[in-house]
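The next block holds one structure in the form of structure tokens; read it before the comments.
The values are calculated or read from the model by the stated rules, or taken from the named source; none is laboratory data. Nothing here was measured: the structure is a model prediction, and the numbers come from that model. Every residue, glycine as well, gets a Cβ built from its backbone with ideal geometry; the counts of neighbours run over all protein chains shown.
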Amino acid sequence: MNPSLLSRQLVATRPTVGLRPVFGSGVGESIRRYQVLQAILRPHTLHALFAEPIIEGDQIRWYTTLKGEVVALSQLLPEQQERTKRILKYYADAAYELARHHRDADDLRRLLDDCFEIPDFDTVFLVGKRPVLVNWGFLKTDFNSVRGLVARLTKGMVTPRLMLNVKVISRTDRQPMADAAVVLHYEGQTRRLLTNEQGNVSFNDIFPFDFPVFDVEASADEFHSATTTISVDRDAADLILAGFTPLITTITLEPVAREQSFDIRVVDTNTNKPIDKATVRLMSGPFSADLLSGTSGWASFANVPLYGNEPVCINIAHADYMDEQSELDPAEVEHVVQLRPLELQGKRGMFSVNLRWKTTDDLDLLISDPGGNLISYSHRRVDYNGYVGILDIDANADDNNLTDQPQENIYWEQAHPGRYAIQVLLYKRRTATAEPIPFIITIVQGNERFEMNGQISQEKERQTVNIIDL
């Protein structure tokens, strides 16, 4: 036996009597034509649609490299025959599709026309899940023998096509991008479309070769191009039998950044004096950086990336001032930002808590430190392991010194790590007892500040407002 046939299996053995080749005058021409088919249709093993002829005297043994049980089409159940015909139609179309893009497309099309001639329907087999033809390129020696039997067998059947939907969005705002160029590379072919207003393109009528792999590239002005690869881990037979669904992918484009410097000066809105140690955060697309303003109020950001039309924003925070947010004009390098004083009384440290209310009632601010020590009107200074908490503002304790804008304040220059419990006590009520007393707690840690609103009603009522872990 020919050693090269050891990896093949026999599909059928057929006599040459009663047959004539479509091409040439000798039976041996089939071998040369098979070698051409093998070279041209090797991608996706499309050549395996045609069994390999081995001539032995007055008969031809037809072999295949495909694995699986060999069954004649006529021996299949009716529904199996229909599935096999659909897959045969696909592989025939795939052979023509592959040849269509060859430099000798016309010659190859004529070659395939001849090769797809068979003398009868008993030449169609199913090997595994793929159809195989024997006696291809032959007709019966009858006068006016019937041609085009493969086309008749698959008449009315249409090979479905794949659809690939691509959406292009901007990475910075996640919004769809119109007029972005999307290029599809598939099976040596290139197709190009522009996205619509919704950032979408659809590539239709894609011929589905086995285990298709799509390379997709998107690009737009002032954006970096991006690519993605889409693979379908199924052969065409599975896709045809299971049904096709559109392929969907999203490509995100990164803006091309240009660089610019920004100088931010932070000043008091009332005095126009510079504010130092304000935290200035500058944001531009994915870029973010924090600086502290100097004694002259300046915070200078160098080489800030600008992304297309993306805004450049700043957020400024200081313990003694209201937070300020604004959008910068990229055309300007220097910017002055005014902060409004918070008007909190008392000193600031690493950690401070302020209590405000608007009645002449006597509310007290109480805080227990991580050591369980309580700072209050009766213990205004507490030292825990060298970390000192001080009540420096106490209001409305004296009936002869009342205000309707009272504040109390406790601060630590350096705070001991651990848990702090913040409480409010209504020590003495002076207003109508039917109305609750609203209050505001302001917690400041460094340049971070947040507020909580509460209310208290009953005299001697003691209310835990918050517990903070430092």
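Number of residues in segment 357-378 that are of a type in the set (Gly, Ala, Ser) and assigned to a strand (DSSP E or B) equals 2.
Residue check: Ile441 meets all listed conditions (1) touching a strand residue (DSSP E or B) at 6+ places or on another chain (Cβ under 8 Å); (2) not in a strand (DSSP E or B) but one, namely (2).
Would you check if there is a residue in segment 75-90 being in contact with a Lys or Arg (Cβ under 7 Å, 6 or more places away or on another chain) and of a type outside the set (Val, Ile, Thr)? No, segment 75-90 has no match at all.
Considering only segment 195-215, how many residues are in a loop (DSSP other than H, G, I, E, B) and not hydroxyl-bearing (Ser, Thr, Tyr)? Let's see the steps before the verdict.
Going through segment 195-215, the residues in a loop (DSSP other than H, G, I, E, B) turn out to be 195-199, 207-212.
Going one step further and asking which of them are not hydroxyl-bearing (Ser, Thr, Tyr), we end up with 196-199, 207-212.
Count: 10.
From the residues in segment 441-470 that are hydrophobic (A, V, I, L, M, F, W, C) and in contact with a Gly (Cβ under 8 Å, 6 or more places away or on another chain), which one is farthest from Lys347 (Cα to Cα)?
To start, the set of residues in segment 441-470 that are hydrophobic (A, V, I, L, M, F, W, C) comprises 441, 443-444, 450, 452, 456, 465, 467-468, 470.
Restricting the remaining residues to those that are in contact with a Gly (Cβ under 8 Å, 6 or more places away or on another chain) gives 441, 465, 470.
Values: Ile441: 15, Val465: 21, Leu470: 19 Å.
So the residue we want is Val465.
The one condition from (1) more than 25 Å from Glu435 (Cβ to Cβ); (2) not assigned by TED's automatic domain parsing to the domain that holds Val465 that Val382 does not meet is (2).
Could you tell me which of the residues Leu126, Leu149, Leu88, Leu76 is in contact with a helix residue (DSSP H, G or I) (Cβ under 8 Å, 6 or more places away or on another chain), within 21 Å of Ile40 (Cβ to Cβ) and not assigned by TED's automatic domain parsing to the domain that holds Arg191?
Leu88
The set of residues in segment 426-451 being of a type in the set (A, V, I, L, M, F, W, C) and closer than 15 Å to Lys358 by Cα consists of Leu426, Ala432, Ile437, Phe439, Ile440, Ile441. Sort out which residues of segment 229-255 are touching a strand residue (DSSP E or B) at 6+ places or on another chain (Cβ under 6 Å) and within 19 Å of Ser170 (Cβ to Cβ), and write them in order of number. Matches in segment 229-255: Ile248, Thr249, Thr250, Ile251, Thr252, Leu253, Pro255. Is it the case that segment 126-141 has a residue that's polar (S, T, N, Q) and farther than 30 Å from Ala12 by Cβ? No, every residue in segment 126-141 fails to be polar (S, T, N, Q) and farther than 30 Å from Ala12 by Cβ.
Of the strands (runs of 3 or more DSSP E) that lie entirely inside segment 44-141, those containing 2 or more residues that are closer than 20 Å to Asp210 by Cβ, in contact (Cβ under 8 Å) with a residue 40 or more places away in the chain and not polar (S, T, N, Q) span 124-127, 130-133.
Any chance you could count how many residues in segment 152-170 are among the small types (Gly, Ala, Ser) and either in contact with a helix residue (DSSP H, G or I) (Cβ under 7 Å, 6 or more places away or on another chain) or crowded, with 19+ Cβ neighbours inside 10 Å (or both)?
The number of residues fulfilling the criteria is 1.
For segment 202-246, the set of residues classified as of a type in the set (Val, Ile, Thr), within 26 Å of Asp93 (Cα to Cα) and modelled with pLDDT of 90 or more consists of Val213, Val216, Thr229, Ile230, listed by residue number.
Being within 22 Å of Asp235 (Cα to Cα), at pLDDT 90 or above and outside the structural domain of Arg191 (by TED's automatic domain parsing) narrows it down to one of Glu82, Glu97, Glu117, so name that one.
Glu82
For segment 174-190, the candidate set comprises residues that are at pLDDT below 95 and loosely packed, with under 15 Cβ neighbours inside 10 Å; within that set, the residue that is nearest to His44 (Cα to Cα) is Gly188. Hey, can you tell me all the residues within segment 307-335 that are buried (at least 19 other Cβ atoms within 10 Å of the Cβ) and among the small types (Gly, Ala, Ser)? Listed by number, the residues that qualify are Ala317, Ala319. Looking only at segment 413-455, residues that are surrounded by fewer than 12 Cβ atoms within 10 Å (Cβ to Cβ), touching a residue at least 24 places away in the same chain (Cβ under 8 Å) and within 15 Å of Met322 (Cα to Cα) come to 1 in all. Would you say Thr195 is among the hydroxyl-bearing types (Ser, Thr, Tyr), at pLDDT 95 or above, surrounded by 15 or more Cβ atoms within 10 Å (Cβ to Cβ) and not assigned by TED's automatic domain parsing to the domain that holds Phe50? The answer is yes for Thr195.
Has segment 97-105 got at least one residue that is of a type in the set (A, V, I, L, M, F, W, C) and surrounded by 15 or more Cβ atoms within 10 Å (Cβ to Cβ)? The answer is yes, given that some residue of segment 97-105 is of a type in the set (A, V, I, L, M, F, W, C) and surrounded by 15 or more Cβ atoms within 10 Å (Cβ to Cβ). Residue pairs whose Cβ atoms lie under 6 Å apart, sitting 6 or more positions apart in sequence or on different chains, and linking a residue in segment 156-168 that is at positive phi and aromatic (Phe, Trp, Tyr) to a partner that is buried (at least 18 other Cβ atoms within 10 Å of the Cβ) and in a loop (DSSP other than H, G, I, E, B), do not occur here. Among the numbered conditions (1) in contact with an Asp or Glu (Cβ under 9 Å, 6 or more places away or on another chain); (2) modelled with pLDDT of 90 or more; (3) under 23 Å from Leu139 (Cα atoms); (4) of a type in the set (Val, Ile, Thr), the only one that Thr65 does not meet is (3).
The residues in segment 296-350 that are assigned to a strand (DSSP E or B) and on the phi < 0 side of the Ramachandran plot can be counted, and the count is 31. Of all residues in segment 1-14, those that are over 18 Å from Val132 (Cβ atoms) have Cβ atoms under 9 Å from Cβ atoms of residues that are surrounded by 10 or more Cβ atoms within 10 Å (Cβ to Cβ) and modelled with pLDDT of 50 or more, 6 or more apart or on another chain, in Asn2/Ile54. In the set (1) more than 30 Å from Val444 (Cβ to Cβ); (2) surrounded by fewer than 18 Cβ atoms within 10 Å (Cβ to Cβ), the condition left unmet by Val232 is number (2).
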